Amino acid sequence: LLYEVRDGVAYLTLNREDRRNAMSQEMILSFLDRLADVDQDKEVAAVCLTGAGEQAFCSGADLGGTLAGQGEDRLSGPRNYARLLKEMAKCGKPIVARINGPCLAGGMGLMLSSDLVIARKDAYFRTPEVNVGIFPMMVGALLYRNLPRKKAMDMVLTGRKIPAPEAERIGMITRAVDPERLDNEVEGVLNILKSKSPIGIRIGKEAFRVMSDMPFEAAVDYLCEALGRAVSTRDAMEGMTAFLQKRPPKFTGT
C-alpha cells in the first residue's frame, strides 16, 4: 500500500499491479494502520483511494493469502477485512475512491465504504463470488445499504458486470467520467472537500453513519442533537459570519 500526503490530501494506492491490486493480509493491515494515521493527522482534509496502473482498481481478496488457512485460521483474513470496512465507515475524513479500472469482489467493499466514487466510464463493477461457490458476505452489508434490494440481488446472484454508467444510474457510484477526465474530476472533488470545515465534516459523517439504521423518529431526535454539536463549533460561527460578510470562510477545524 502506497501512502503519500500532498497538499492536504492523503493518497492511498493499492500497489499490487501484477495481481490486479488483489488485497493481501499485509495490505489490509497496512491500510488499517494508515487509516488511523489519517484520522489523527490535522494536515489531512480528505483521502483519495485508488489502485496502481490501469488493469484494475481492486480485484478483491488474494485467494492464496487472505482466505488461506484451515479452520479458525481461515477467518483471520476475512475478520481483518471486516474490521477495515468498519474503520473506513468511522473515518472522520471524507474518502474519495478513484476507480481506475475493474472493481471486483472485496474491492467492491472498499469502493462502497468510500464516501464519493469517481469512476472511468470503461470501468465495471462485479461480485463474482457466486461463480466459485461462495457469496459476497461482508460486501453484502454495504450493497444492501447502497442499492435497492433487487439491484443488489441481481449483482450477487448472477455475478454479472455492471458498467460504470449503469453503476452511476442506479446510484452505486457518484459519477462515471471519460478516462481522460478522471484525474481532473477527482482533484476537483478533493479541492471542494478541502475547502470545507474539517470538524463539520467529521460531525456530519458520524451523524449520517449512526442514524442510517435508526427508526425515523429516533433518527430525527439524534440529528437534532448532532446539529447542536455542529453549531457550537468555532468553524460554524466562522462560516455563518463569513456568509453574512460575503467572504470565504477561514476554517480551523475547531
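The values are calculated or read from the model by the stated rules, or taken from the named source; none is laboratory data. Quick caveat, the model's predicted, so the values are computed rather than measured. All Cβ positions, glycine included, derive from the backbone under ideal geometry; neighbour counts span all protein chains shown. In case anyone asks, the SASA skips ligands and DNA or RNA and just uses the protein heavy atoms, side chains included. Shrake-Rupley method; radii C 1.70, N 1.55, O 1.52, S 1.80 Å.
Given a 1.4 Å probe and heavy atoms of the protein chains only, how would you sort ILE162, ILE201, ILE134, largest accessible area at the top?
On the way: ILE162 0, ILE201 35, ILE134 85 Å².
Highest to lowest solvent-accessible surface, that is ILE134, ILE201, ILE162.
Each residue of the chain gets 142 Å³ once the volume of the Cα convex hull is shared out per residue.
Can you divide the C-alpha Rg of the stretch 97-210 by 2.2 N^0.38 Å and report the result to two decimal places?
1.12
Taking a straight line from the alpha carbon of LYS121, these lysines sit under 30 Å away, with near neighbours fewer than eight places off in the same chain left out: LYS86, LYS90, LYS93, LYS150, LYS151, LYS161, LYS194, LYS196, LYS205. Averaged per residue, what accessible area in Å² does the chain show with a 1.4 Å probe, protein chains only? For the chain, the per-residue accessible area is 52 Å². All Cα-Cα separations within the stretch 169-254 were binned at 5 Å from zero, giving a P(r) of 3, 12, 15, 16, 16, 16, 14, 7, 2, 0, each value a whole percent of the pairs. Within the chain, DSSP assigns beta bridges of which about 25% are antiparallel (rounded to the nearest 5).
Take the Cα of ARG169, go 7 Å toward its beta carbon, and the backbone nitrogen atoms of the stretch 100-129 under 16 Å from that spot belong to 121-125.
Computed on protein heavy atoms with a 1.4 Å probe, the accessible areas place SER232, SER113 in the order SER232, SER113, largest first. Subtracting the Cα-Cα distance of ARG79 and SER30 from their residue separation scaled by 0.36 nm leaves 16.2 nm.
Using a 1.4 angstrom probe on the protein heavy atoms only, could you order ARG175, ARG98, ARG169, ARG145 from most to least accessible area?
On the way: ARG175 80, ARG98 50, ARG169 175, ARG145 155 Å².
Accessible-area ranking of ARG175, ARG98, ARG169, ARG145, largest first: ARG169, ARG145, ARG175, ARG98.
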